[in-house]
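Asker: Below is a structure I'd like to ask you about.
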Amino acid sequence: MFERVPRLVFISVRNGLLAGLLGIVFLVILYFVGRHPFLFPVYFDFRLVLISAFVVITLKELRDDHQQGVLYFGQGMIAAFLFTLVFALIAAGFILIFSALYPAFVQDYITLATSQLRSIDPAIVAQLGKEVVERNINELPATNGADLALDYLVKSVLISFFISLIISVILRRQPKN
């Protein structure tokens, strides 16, 4: 049955499933050790390492094991996008289900994010605008699991896009003529 699926799709989906499961484990561990996974700055997010490692593994396997050492930039971007889509959808789906089954997940986020916004340095508040900070504080109580899941999905795709650009350029190899 799987022989008919193109290798690019099969490898990307398989690795996306694995990364999605690993991402779920990281989310749960971070939350239950007292570090809410949505309150990390993007540059400290575990997804940077997870996505980078899996995109490299996916593209290297595709290039070296199935395409005789040839990988075009477009193939790399497509494979990385498919991987990211599967990974992000699985993790976002989990967040949606987890937040419905465990409402404290969303409530803890609202509480911690509110206190984090209230503790921003006044100089930074002046730069951002007091109205913007107040609006964000006032909108936080309306946050729900779907908002967190969508946030996770969008940020994962954006993080992966930039990582995929770099890795696809580094790992591409074209046939020698």
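The values are calculated or read from the model by the stated rules, or taken from the named source; none is laboratory data. Everything quoted here is computed from the prediction, not taken from an experiment. Here the Cβ positions follow ideal geometry from the backbone for every residue, glycine too, while neighbour counts run over all protein chains shown.
Condition check ((1) among the charged types (D, E, K, R); (2) free of Cβ contacts under 8 Å to residues at least 24 places away in the same chain; (3) surrounded by 15 or more Cβ atoms within 10 Å (Cβ to Cβ); (4) under 30 Å from Gly69 (Cβ atoms)) across all residues:
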position: Phe10; (1), (2), (3), (4): no, yes, yes, yes
position: Gly16; (1), (2), (3), (4): no, no, yes, yes
position: Leu27; (1), (2), (3), (4): no, no, yes, no
position: His36; (1), (2), (3), (4): no, no, yes, no
position: Phe40; (1), (2), (3), (4): no, yes, no, no
position: Tyr43; (1), (2), (3), (4): no, yes, no, no
position: Ile51; (1), (2), (3), (4): no, no, yes, yes
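Asker: Mind listing just one residue for me: the one in the range 53-81 that is of a type in the set (S, T, N, Q) and crowded, with 17+ Cβ neighbours inside 10 Å and, of those, farthest from the chain's Cα centre (by Cα)?
Answerer: Here the residue is Gln75.
Asker: Go through the range 107-145 and give me each residue that's in a helix (DSSP H, G or I), more than 25 Å from Tyr31 (Cβ to Cβ) and charged (D, E, K, R).
Answerer: If the condition is that a residue be in a helix (DSSP H, G or I), more than 25 Å from Tyr31 (Cβ to Cβ) and charged (D, E, K, R), then Lys130, Glu131, Glu134, Arg135 are the ones that fit.
Asker: Next question, about the same structure. When the range 1-51 is examined, which residues are found to be of a type in the set (Phe, Trp, Tyr) and assigned to a helix (DSSP H, G or I)?
Answerer: If the condition is that a residue be of a type in the set (Phe, Trp, Tyr) and assigned to a helix (DSSP H, G or I), then Phe2, Phe10, Phe26, Tyr31, Phe32, Phe38, Tyr43, Phe44, Phe46 are the ones that fit.
Asker: Quick check, is Val154 without any contact (Cβ under 8 Å) to a residue 40 or more places away in the chain, under 27 Å from Phe54 (Cα atoms) and either of a type outside the set (Asp, Glu) or part of a helix (DSSP H, G or I) (or both)?
Answerer: yes
Asker: Now, a different point. Could you list, ordered by first residue, the pairs with Cβ atoms under 6 Å in which the first is in the range 55-70 and closer than 22 Å to Phe87 by Cα and the second is among the hydroxyl-bearing types (Ser, Thr, Tyr), at least 6 apart or interchain?
Answerer: Short answer, once both residue conditions are applied: Val55/Ser164; Thr58/Ser12.
Asker: What about Ser168, is it within 28 Å of Leu17 (Cα to Cα), touching a strand residue (DSSP E or B) at 6+ places or on another chain (Cβ under 9 Å) and not in a loop (DSSP other than H, G, I, E, B)?
Answerer: Yes.
Asker: Right, another one. Pull up the range 148-177, narrow it to residues that are of a type outside the set (A, V, I, L, M, F, W, C), crowded, with 17+ Cβ neighbours inside 10 Å and out of contact with any Ser or Thr (no Cβ under 8 Å at 6 or more places or on another chain), then point me to the one that is modelled with the highest pLDDT.
Answerer: Tyr152
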